[in-house]
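Colleague: Just dropping this structure here.
Derivation of every value follows stated rules applied to the coordinates shown; laboratory data play no part. Source: prediction; values computed, not measured. Don't worry about glycine lacking a Cβ; one is built from the backbone with ideal geometry, like all the others, and counts go over all protein chains shown.
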Amino acid sequence: MPKVLDELRQDHRNNARLWDLLDREMKVFKEGGLPDYDLVGNILEYCLNYPDLFHHPKEDLIYQRLKDRDPASGNIVGDLEQEHAKLTALTRRFSNALKNVLEDEQLPRDWFLDVANDFLNFSRNHMQMEEVLFFPAAHKHLTADDWAEVEAASKKVGDPLFGELINEKYQRLFDEIDEWGKMEEEKAEAS
Ligand SMILES: [Fe+2]
Ligand SMILES: [Fe+2]
């Protein structure tokens, strides 16, 4: 497995944990409770500052290579760059909606839920498509030189939340993910 693909898959597993946390908080909101808005905001900030800036561009480089090597696979995957642009737009929309909610604007609760669901559904579908269609096709058609080029062209930036050095602004989020993971493990063991 090319190292770049391994890293992208790990990013997906990490992102899935964040989306589970968002689900948990939005469920609280849906039931009329007070969600942890700080946590929601922190997750969205991370999404705009790491996946949007480093994960998607890496995938875009691979996608360009794939289209050269096997145009049919490119067609099956669809317009990946456009999906990434939409993901960024949905993340910004969610982040702006959160700011409005925090400024106490009178917004329909259903609207905020829809904004969150649009983000979560699109993100999950996109990731699923990449795991099922895009990554296997790239693995099959890209050459060792292609992978080396992608690797060389990718920006080397440590993940500020799941990497070796955690940025202090994400420390609370990191602890929350850790705690949530342990609770899920205990639940799985008990069932
Ligand atoms: Fe992607
Ligand atoms: Fe991805």
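Colleague: Would you mind checking the tilt of helix 144-153 against the longest principal axis of the Cα atoms of the chain, expressed as 0 to 90 degrees and rounded to 10?
Modeller: Rounded to the nearest ten degrees, it is 50.
Colleague: Taking the alpha-carbon distance from residue 3 and a cut-off under 14 Å, which aspartates and glutamates remain once sequence neighbours fewer than 8 residues away in the same chain are dropped?
Modeller: Answer for residue 3, where 14 Å is the Cα cut-off: 11, 59, 145, 146, 149, 151, listed by chain and number.
Colleague: Let me ask another. Once the Cβ-Cβ distance between residue 125 and residue 38 is put in as r, and R0 is 35 Å, what FRET efficiency do you end up with, to the nearest 0.05?
Modeller: Approximately 0.80, to the nearest 0.05.
Colleague: Let me ask you something else. Would you tally the net charge around residue 153, using a Cβ to Cβ cut-off of less than 11 Å, leaving residue 153 out, and scoring K and R as +1, D and E as -1?
Modeller: Details: positive: 58, 65, 155, 156; negative: 60, 146, 149, 151.
Local charge sum for residue 153: 0.
Colleague: Cα-Cα over 32 Å: which of 86/155; 58/99; 30/140; 30/58? Don't skip to the answer; put the middle values down first.
Modeller: Working: 86/155 22 Å; 58/99 30 Å; 30/140 43 Å; 30/58 35 Å.
Distance filter (> 32 Å) returns 30/140; 30/58.
Colleague: Please report how far the C-alpha centroid of the stretch 19-74 lies from that of the stretch 96-117, rounded to the nearest whole angstrom.
Modeller: 19
Colleague: How do the peptides 162-175, 45-58, 134-147 rank, highest first, by the average count of neighbouring beta carbon atoms within 10 Å per residue? Intermediate values should be presented prior to the final figure.
Modeller: Values: 162-175: 13.9, 45-58: 19.0, 134-147: 16.6.
By packing density, highest mean first, the sequence is 45-58, 134-147, 162-175.
Colleague: Still on this model: Please give, to one decimal in nm, the separation of the simple spin-label points placed at residue 114 and residue 7, each 7 Å out from Cα toward the Cβ.
Modeller: In this crude spin-label approximation the distance works out to 3.9 nm.
Colleague: Using 17 Å as the cut-off for backbone N distance, which residues of the stretch 87-104 belong to the label zone defined by a point 7 Å from the Cα of residue 49 along Cα→Cβ?
Modeller: So the set is 91-92, 95-96, 99.
Colleague: Now, a different point. Relative to the Cα centre, what is the charge dipole magnitude of the chain, using +1 at the beta carbon of each Lys and Arg, -1 at the beta carbon of each Asp and Glu, and rounding to the nearest 20 debye? If you can, show how the numbers build up before the last one.
Modeller: Values: 24 positive and 41 negative charges, 81 e Å.
Value, rounded to 20: 400 debye.
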